[in-house]
Amino acid sequence: MKSFSTRSLDELGRIVLPMELRKKHQFETGTHLEIGVDDSGQIVLRKFRPYCKICGSEGDLSAITGTKHSICTSCKASIQTME
């Protein structure tokens, strides 16, 4: 990382991302972000990319009705053959 900004958490644990960061990485209002911790203990913030809830692939996805999850065509076909 080349630059850092300091921000304070508010009473609900929120922070505001600096405008320069939002513009550079195209984080617009409504952008879904994933927040996690990597193996070294660093906090990671990245744009959310849909993936198959079963196998983890990121291609050829369909939304699972009534959820925020997706499933790939291959896993969907496997489930349908089980029925």
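The values are calculated or read from the model by the stated rules, or taken from the named source; none is laboratory data. Please read all numbers here as calculations on a predicted model, not as lab measurements. Cβ sites come from the backbone with ideal geometry, for glycine too, and all protein chains shown count toward neighbours.
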Consider only pairs whose beta carbons are under 8 Å apart and that are at least six residues apart or on different chains; among these, list those whose first residue lies in the range 35-46 and is within 14 Å of L17 (Cβ to Cβ) and whose second residue is of a type in the set (F, W, Y).
none
Filter the range 52-77 down to the residues that are closer than 23 Å to F27 by Cβ, out of contact with any strand residue (DSSP E or B) (no Cβ under 7 Å at 6 or more places or on another chain) and in contact (Cβ under 8 Å) with a residue 12 or more places away in the chain and list them by number.
H69
Matching residues in the range 1-51 (of a type in the set (D, E) and within 30 Å of C72 (Cβ to Cβ)) number 4
Go over the candidates G30, G13 one by one and state the one that is without any contact (Cβ under 8 Å) to a residue 24 or more places away in the chain, out of contact with any Gly (no Cβ under 8 Å at 6 or more places or on another chain), within 27 Å of I71 (Cα to Cα) and in a loop (DSSP other than H, G, I, E, B).
G30
Being out of contact with any Cys (no Cβ under 8 Å at 6 or more places or on another chain), at pLDDT below 90 and assigned to a loop (DSSP other than H, G, I, E, B) is true for just one of T81, T67. Which residue is that?
T67
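Table: residues versus (1) loosely packed, with under 10 Cβ neighbours inside 10 Å; (2) touching a Leu at 6+ places or on another chain (Cβ under 9 Å); (3) more than 26 Å from S62 (Cβ to Cβ).
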| site | (1), (2), (3) |
| --- | --- |
| S5 | no, yes, yes |
| D10 | yes, no, yes |
| R14 | yes, no, yes |
| L21 | no, no, yes |
| K24 | yes, no, yes |
| S40 | yes, no, yes |
| I43 | yes, no, yes |
| Y51 | no, yes, no |
Specify which of the listed residues (S3, S57) is over 15 Å from the mean Cα position of the chain (by Cα) and hydroxyl-bearing (S, T, Y).
S3
Please go through the range 37-63 and pick out each residue that is touching a helix residue (DSSP H, G or I) at 6+ places or on another chain (Cβ under 6 Å), part of a loop (DSSP other than H, G, I, E, B) and at negative phi.
I54, C55
Given the conditions (1) at positive phi; (2) among the small types (G, A, S); (3) touching a Phe, Trp or Tyr at 6+ places or on another chain (Cβ under 8 Å), report the number of the one that G66 does not fulfil.
(3)
